[in-house]
Amino acid sequence: MYPAHSVRSAPFWDCERPLGSMPNGRLDAIRDALTKTKYDIQYDFITYAENALTVGSKSKAASYVCIADETGKKYWGVGTQPDIILATVNALVSAINRMNKEKKFM
């Protein structure tokens, strides 16, 4: 059994309480937390990839995330950061923001 993780949502989501989850990974933990907000953010993961932008310990990481809405329309997001976990989170936020431009759930 995985331990529960806790995250705090951003103030603009009007959800200042800890959100517990039992995730398979970082992207699953974020989706689980988002379902506990007042917004109807529904999506399926299609794929994601990670890679380094240069060689060496100071390289930035790039992450690419693809999600789909209930109709199957795909939305891509890209994130870059020195930390691969933050790059992946940024990529997911980017994909959700693209979906939000059409769905207007926030």
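Computed from the coordinates by the stated procedures, all read-outs in this text should not be read as laboratory data. Being a predicted model, the structure only gives us computed values, none of them experimental. Using ideal geometry, Cβ is built from the backbone for each residue, glycine included, and neighbour counts are taken over all protein chains shown.
Compute the Cα gyration tensor for the range 41-106, then decide on rounded, prolate or oblate, letting a ≥ b ≥ c be the square roots of its eigenvalues: rounded whenever a/c is under 1.5, prolate when a/b is larger than b/c in the other cases, and oblate in all that remain.
prolate
The range 52-101: which chymotrypsin sites (Phe, Trp or Tyr not before Pro) are DSSP loop and have at most 15 other beta-carbon atoms within 10 angstrom?
none
Rounded to the nearest 20 Debye, what is the dipole magnitude of the range 33-106 about its Cα centre when Lys and Arg each give +1 and Asp and Glu each give -1 at the C-beta?
It comes to approximately 220 debye.
Exposure proxy check: THR47, THR54, THR37, THR80 ranked by fewest other beta carbons within 10 Å?
The fewest-first ordering by Cβ neighbours comes to THR54, THR47, THR80, THR37.
Please arrange MET99, MET106 by counting, for each residue, the other beta carbons lying within 10 Å of its beta carbon, fewest first.
MET106, MET99
Given a Förster distance of 22 Å, report the FRET efficiency between SER57 and ASN97 from their Cβ-Cβ distance, rounded to the nearest 0.05.
For SER57 and ASN97, the calculated efficiency is 0.10.
Expressed in nm to one decimal, what extension gain is obtained for the pair PHE105 and GLU50 from 0.36 nm per residue of sequence separation less their Cα-Cα distance? Each step should come with its number before you reach the end.
Working: separation 55, 0.36 × 55 = 19.80 nm, distance 2.77 nm.
Taking PHE105 through GLU50 to full extension adds about 17.0 nm, to one decimal.
Take the residue pairs LYS38/LYS58; LYS38/LYS73; LYS60/LYS101; LYS38/LYS60 and return only those whose Cα atoms are more than 31 Å apart.
LYS38/LYS58; LYS38/LYS60
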